[in-house]
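Chemist: Dropping a structure here in structure tokens format, bear with me for questions.
Where a number appears in this text, it was derived from the coordinates with a stated rule and is not lab data. Treat the numbers as computed from the prediction; the structure is a model and nothing was measured. Cβ: placed from backbone, ideal geometry, glycine included. Neighbour counts: every protein chain shown.
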Amino acid sequence: MNEQHIASAYDRDLEAIQAMIIRMGGLVESAILEGTRSLDTRDVELAEKVRREDAVIDDLEERINEECARVIALRAPVSKDLRIILAVIKLSGSLERVGDYAKNIAKRTTVLAELGQIPGTNTSLRRMAMDVQSMLKDTLDAFIARDAERAEQVILRDEDVDQLYNAMFREFLTHMMEDPRNITACMHLHFIAKNIERMGDLVTNMAEQVVYLTTGTLPDDDRPKKDRTAFAAPRK
Amino acid sequence: MDDLRLIERAVDMNETKISANGVQVYYGDNHAIKDVNVEIADKTVTAFIGPSGCGKSTFLRCLNRMNDTISVARVEGDIRIDGEDIYDKRVDPVQLRAKVGMVFQKPNPFPKSIYDNVAYGPKIHGLARNKAELDEIVERALRRAALWNEAKDRLQEPGTGLSGGQQQRLCIARAVATEPEVLLMDEPCSALDPIATAQVEELIDELRQSYSVVIVTHSMQQAARVSQMTAFFHLGNLVEYDETGTIFTNPSDPRTESYISGRIG
């Protein structure tokens, strides 16, 4: 099959839109890493940088949506081109949300910098963040390569993130029961862990979009769900 | 920070090629064009859209004085190309039409060979001193019209023997052979199939590097695909004139909105 349109300007527009997604993805990846690093080292300046740079991510989302609207209006895309546009709109929306969660981590870092450390949490949060960042990287790679298989692998990996979150949830409960002075820090840290867990879900959605873009159908929703904290209750 | 591909797409409205001010056209008692003001940029594809009888073709034909040939037509107002009034008494309409080429709805090659179709204009305007120069002009024009590869081995065959899409590209080659500065196209694809249409549209996009192209089209989708600027005509008025993306995603006049979304027409 010929990959190129007769109208070369159409190809340029589609390529430009996809390049913007990749750029946005790169910025979100570093927001995840820098957000958690700022938390790790209680680096308020770095946290401030992450908060500031979220504006660039938001702008990109807007630009991508404008460009997609333009292509729909001017080119009436069909088939694979239509799926590219639909997937890109959803990808940019998810990326923007992931960026917001990273920014929220940075915000909480400024508060946490004033509070005592909770032992053991930094390592787990860092591990979760790195897992999510690497899932995001693989999703974007799969997007470029139109590799549904690699995207399917990402979807399965969300399970690990969920399990890390479950473990942290229990740990925070323990710390808070042990000493009420830990509550403020633990509440913030718990939101951070939850943010990262949500990022994992969003990246999973993105991977599903890549599968849709490549194959034309969404993957079956039978992946194992491991976030059981919704059912957590104090032992009687 | 913007993607290079998107920067290249931008329209430079600072270089005006054609400017029309207070243009009125009457066919006898019928007031066909009502006070149209428009600035058409150089190196840009400008599309005129609107329902049948809205005046878009009439206005296009003012730009190379094709309306002179209609006895009841009367054109008032001021139309300038590169600042020169084209309705000035000293302007020779034949010279003007060499500078402002035109391609019509139905491909209309002369009943001559492919070569002669393209060579005719340059010959009568004395653009070639000898056969070698003429050969060069013909080749350049056919290449520009993306027809050279298909036509180079059959230059002496009649132009009418080509397929519809090829004939239309031959007409474009004929129009560009006289090195015009403006290319007017009146429904250039309405007689072509979708693939030939796409090829001609791609050609129009390439011609934009060298010319100011003005295209009249019934197909809003075609205007959306090929043009950078779009003008919407309705009942002889120029209702809205703006960047094509803006016209098709967020037009400012409710009449434009109704027409492009298929609610009036």
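Chemist: Which order do peptides B:202-212, A:85-95 fall in by mean Cβ count within 10 Å, highest first? Provide the component values of the computation, followed by the final result.
Modeler: On the way: B:202-212: 19.3, A:85-95: 20.8.
Packing proxy ranking, top to bottom: A:85-95, B:202-212.
Chemist: If you take each beta carbon of peptide B:4-14 and count the beta carbons of other chains within 10 angstrom, what is the mean?
Modeler: Numbers: counts 3, 9, 9, 1, 3, 5, 0, 0, 0, 0, 0.
Mean inter-chain Cβ contacts per residue within 10 Å come to 3.
Chemist: Which three extents, in whole angstrom, do the alpha-carbon atoms of chain B cover along their principal axes, largest first?
Modeler: The Cα atoms of chain B stretch 54, 48, 36 Å along their principal axes.
Chemist: Follow-up question, since we're still on this one. What size of dipole, in debye to the nearest 20, comes out for the protein assembly as shown about its Cα centre when the only charges are +1 on Lys and Arg C-beta atoms and -1 on Asp and Glu C-beta atoms? All intermediate terms of the calculation are to be shown ahead of the outcome.
Modeler: Numbers: 63 positive and 81 negative charges, 103 e Å.
Computed about the Cα centre, the dipole is about 500 debye.
Chemist: Can you pick out the pairs among B:LYS43/B:LYS112; B:LYS89/B:LYS112; B:LYS56/B:LYS99; B:LYS43/B:LYS106; B:LYS56/B:LYS106; B:LYS43/B:LYS131 whose Cα atoms lie more than 29 Å from each other?
Modeler: Numbers: B:LYS43/B:LYS112 32 Å; B:LYS89/B:LYS112 34 Å; B:LYS56/B:LYS99 21 Å; B:LYS43/B:LYS106 25 Å; B:LYS56/B:LYS106 17 Å; B:LYS43/B:LYS131 31 Å.
Long pairs (Cα-Cα over 29 Å): B:LYS43/B:LYS112; B:LYS89/B:LYS112; B:LYS43/B:LYS131.
Chemist: Which net charge results for the neighbourhood of A:ASP43, defined as the other residues with beta-carbon distances under 10 angstrom from its beta-carbon, given Lys and Arg at +1 and Asp and Glu at -1?
Modeler: On the way: positive: A:ARG37, A:ARG42, A:LYS49; negative: A:GLU34, A:ASP40, A:GLU45, A:GLU48.
Its environment carries a net charge of -1.
Chemist: What is the percent of Cα-Cα separations in the range A:108-175 that go past 15 Å?
Modeler: On the way: 1425 of 2278 pairs.
The share of Cα pairs beyond 15 Å in the range A:108-175 comes to 63 percent.
Chemist: Can you list the lysines whose alpha carbon is less than 28 Å from that of A:LYS80, not counting same-chain residues fewer than 8 positions off?
Modeler: A:LYS90, A:LYS137
Chemist: If you restrict to DSSP beta bridges whose two residues both lie in the protein assembly as shown, what percentage is antiparallel, to the nearest 5? Let's see the in-between values first.
Modeler: Details: 25 of 42 bridges.
So the antiparallel bridges amount to about 60 percent of the total.
Chemist: Another question about this same structure. With the contact rule set at Cα under 8 Å and sequence spacing of 6 or more, what percent relative contact order holds for chain B? Kindly include the intermediate steps, with their values, before the conclusion.
Modeler: On the way: 496 pairs, mean separation 69.5, N = 265.
Reported as a whole number, the value is 26 percent.
Chemist: Also, quick follow-up: Kindly identify the range B:1-131 as rounded, prolate or oblate by the Cα gyration tensor criterion: order the square roots of the eigenvalues as a ≥ b ≥ c, call it rounded if a/c is under 1.5, otherwise compare a/b with b/c, prolate if a/b is larger, else oblate. Provide the component values of the computation, followed by the final result.
Modeler: Numbers: a/c = 1.60, a/b = 1.05, b/c = 1.53.
Here the range B:1-131 falls in the oblate category.
Chemist: Mind jotting down the distance between the C-alpha centroids of the range B:4-45 and the range A:175-216, whole Å?
Modeler: The range A:175-216 and the range B:4-45 have Cα centres separated by 55 Å.
Chemist: Okay, next question. Across all directions of projection, what mean area in square nanometres is found for the Cα convex hull of the range A:8-231? Could you put the intermediate results ahead of the total?
Modeler: Values: hull surface 49.5 nm².
Result: 12.4 nm².
Chemist: Treat each spin label as a single point 7 Å out from the Cα along the C-beta direction, and report the B:ILE70 to B:ASP12 distance in nm.
Modeler: Taking the simple label geometry, B:ILE70 and B:ASP12 are separated by 3.6 nm.
Chemist: Taking 0.36 nm per residue of separation and subtracting the Cα-Cα distance, what length does fully extending B:SER261 through B:ASP35 add?
Modeler: Values: separation 226, 0.36 × 226 = 81.36 nm, distance 2.58 nm.
78.8 nm is the gain from fully extending B:SER261 to B:ASP35.
Chemist: What is the sum of charges, Lys and Arg at +1 and Asp and Glu at -1, for the other residues whose Cβ falls under 11 Å from the Cβ of A:ALA185?
Modeler: Working: positive: A:ARG108, A:ARG181; negative: A:GLU114, A:ASP179.
Summing Lys/Arg as +1 and Asp/Glu as -1 gives 0.
Chemist: How big is the gap, in Å, between the Cα center of the range B:175-224 and the Cα center of the range B:127-168?
Modeler: 18 Å
Chemist: Take chain A, mark every one of the GluC sites (Glu not before Pro) that falls in a DSSP loop and has at most 14 other Cβ within 10 Å, then report the longest stretch left between them, sites excluded. It would help to have the intermediate numbers written out before the result.
Modeler: Details: sites that count: A:GLU3, A:GLU114.
Longest site-free region, per DSSP loop and neighbour criteria: A:115-236.
Chemist: Beta carbons within 10 angstrom, averaged per residue: use that to sort the peptides B:39-52, B:68-81, highest first.
Modeler: Ranked by mean Cβ neighbours within 10 Å, highest first: B:39-52, B:68-81.
Chemist: In terms of the Cα gyration tensor, with a ≥ b ≥ c the square roots of its eigenvalues, is the range B:96-180 rounded because a/c is under 1.5, prolate because a/b exceeds b/c, or oblate?
Modeler: Numbers: a/c = 1.68, a/b = 1.17, b/c = 1.44.
Oblate, since a/c reaches 1.5 and b/c is not below a/b.
Chemist: Take every Cα pair under 8 Å in the range A:8-231 that's 6+ residues apart, average their separations, divide by the length, and report that relative contact order as a whole percent. Each step should come with its number before you reach the end.
Modeler: On the way: 267 pairs, mean separation 58.6, N = 224.
Here the relative contact order equals 26 percent.
Chemist: Going by the alpha-carbon gyration tensor, a ≥ b ≥ c the square roots of its eigenvalues, is the range A:46-178 rounded (a/c under 1.5) or, if a/c is not under 1.5, prolate (a/b greater than b/c) versus oblate?
Modeler: Details: a/c = 3.43, a/b = 1.77, b/c = 1.94.
Oblate is the answer for the range A:46-178, as a/c is 1.5 or above yet b/c matches or exceeds a/b.
Chemist: Quick one: in the protein assembly as shown, what % of C-alpha pairs are over 28 Å apart? Show your work: numbers first, answer last.
Modeler: Numbers: 79753 of 125250 pairs.
So the portion of pairs separated by more than 28 Å is 64 percent.
Chemist: Could you state, as a whole-number percent, how many of the C-alpha pairs of the range B:49-107 are farther apart than 14 Å?
Modeler: Result for the distance tail: 60 percent.
Chemist: Across peptide B:193-202, what mean number of C-beta atoms from other chains lies inside 10 Å of a residue's C-beta? Intermediate results must be reported in sequence, preceding the final value.
Modeler: Numbers: counts 0, 1, 1, 1, 1, 4, 2, 1, 4, 6.
Average neighbour count from other chains, rounded to a whole number: 2.
Chemist: Given the DSSP H assignment, sum -39500 (n - 2.57) over each helix run of at least 4 residues in chain B and divide by its residue total; what's the result at 222 nm in deg cm²/dmol, nearest 500?
Modeler: Values: 11 runs with 97 residues, N = 265.
Calculated mean residue ellipticity at 222 nm is -10000 deg cm²/dmol.
Chemist: While we're here: If you place +1 on the Cβ of every Lys and Arg and -1 on the Cβ of every Asp and Glu, how big does the dipole about the Cα centre of chain B come out, in debye to the nearest 20?
Modeler: Values: 30 positive and 39 negative charges, 170 e Å.
For chain B, the charge dipole is close to 820 debye.
Chemist: Just tell me how shielded A:66-75 is by partners: mean number of partner chain Cβ atoms within 10 Å of each residue's Cβ, no decimals.
Modeler: Details: counts 3, 3, 0, 4, 8, 1, 2, 11, 12, 3.
Mean inter-chain Cβ contacts per residue within 10 Å come to 5.
Chemist: Compare the Cα positions of B:ILE33, B:ALA145, B:ASN237 along the charge dipole of chain B (+1 at Cβ of Lys, Arg; -1 at Cβ of Asp, Glu; about the Cα centre) and return the one farthest towards the positive end.
Modeler: B:ALA145
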